[in-house]
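What follows is one structure encoded as structure tokens, with my remarks underneath.
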Amino acid sequence: MQFSTQPQNVSKTYDGTESILTAVLSNTAGTAAYQWYKNGSAISGADGTSYIVKNVSDSGRYSVSASVTVDGETLTESSNTAEVNITKASLNIKANDISITYGDAAPEYTVSFSGFKGSDTSESAFKGTGTVSCDYGSSGKMHYGTYSIIPERYTAADYDITYTAGILTVGAKDVKNDSSVIVTLSYDTAVYT
């Protein structure tokens, strides 16, 4: 009794796709029972001829044992060990640029993602939610000019995350035809409105 198909090594950067480890006994007189192991520990429910790995957390050493009972005697065979090494993919999170006018309230800040693999989305890939912040509107900072929009604190098991800041541009307010704006000038002792 021996394995005609041995589990093969897997070495890749996370790509959102499954890799299949396969092990098949040949020359068996009965039905084989399989049990897969990761790093020496039995994997619950992994009792077929194949086992699927996909995520970075699946990295490790895999093997399978197979047993066949013939005429009351149980024969057991162990496969070779397959090394699975899945490294994190790169993902960039960029704060989106926004333009407003002086006097406007602080806008809602959003981000864009570049680098998701397979069917991954922001809902499925992240653990919790990150934050996006900007100094505009804090501590009285509401002048016209530009402000950095900073994304941070996103975590994902299968991705190495980099960040790109966005720009909030606060434009000057046009007051030439705005009757609600009153300008008061003083010269010497005279005041003009």
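The values are calculated or read from the model by the stated rules, or taken from the named source; none is laboratory data. No experiment lies behind these values; they were computed from the predicted model shown. Note that each Cβ is placed from the backbone with ideal geometry, even for glycine, and that neighbours are counted across all protein chains shown. To get the accessible areas, we keep the full protein, side chains included, count just its heavy atoms, and leave off ligands, DNA and RNA. Shrake-Rupley method; radii C 1.70, N 1.55, O 1.52, S 1.80 Å.
So is GLU77 in a strand (DSSP E or B), open to solvent by 40 Å² or more (accessible area, probe 1.4 Å), over 27 Å from THR155 (Cα atoms) and of a type in the set (Asp, Glu) or not?
yes
Could you grab me the full set of residues in region 52-98 that are modelled with pLDDT of 95 or more and of a type in the set (D, E, K, R)?
Within region 52-98, LYS54, ASP58, ARG61, GLU83, LYS88, LYS94, ASP97 meet the criteria.
In the list TYR144, TYR109, which residue meets the criterion of being without any contact (Cβ under 8 Å) to a residue 60 or more places away in the chain, buried (at least 17 other Cβ atoms within 10 Å of the Cβ) and more than 18 Å from the chain's Cα centre (by Cα)?
Testing whether each residue is without any contact (Cβ under 8 Å) to a residue 60 or more places away in the chain, buried (at least 17 other Cβ atoms within 10 Å of the Cβ) and more than 18 Å from the chain's Cα centre (by Cα) leaves just TYR109.
Go through LYS38, LYS127, LYS54 for me and flag whichever is charged (D, E, K, R), open to solvent by 60 Å² or more (accessible area, probe 1.4 Å), under 29 Å from ALA157 (Cβ atoms) and in contact (Cβ under 8 Å) with a residue 12 or more places away in the chain.
Exactly one residue qualifies, and that residue is LYS127.
Let's see how each residue does on (1) among the charged types (D, E, K, R); (2) in contact with a strand residue (DSSP E or B) (Cβ under 6 Å, 6 or more places away or on another chain); (3) within 30 Å of LYS12 (Cβ to Cβ):
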{"position": "GLU73", "(1), (2), (3)": "yes, no, no"}
{"position": "THR87", "(1), (2), (3)": "no, yes, yes"}
{"position": "SER112", "(1), (2), (3)": "no, yes, yes"}
{"position": "ASP135", "(1), (2), (3)": "yes, yes, no"}
{"position": "ALA165", "(1), (2), (3)": "no, yes, no"}
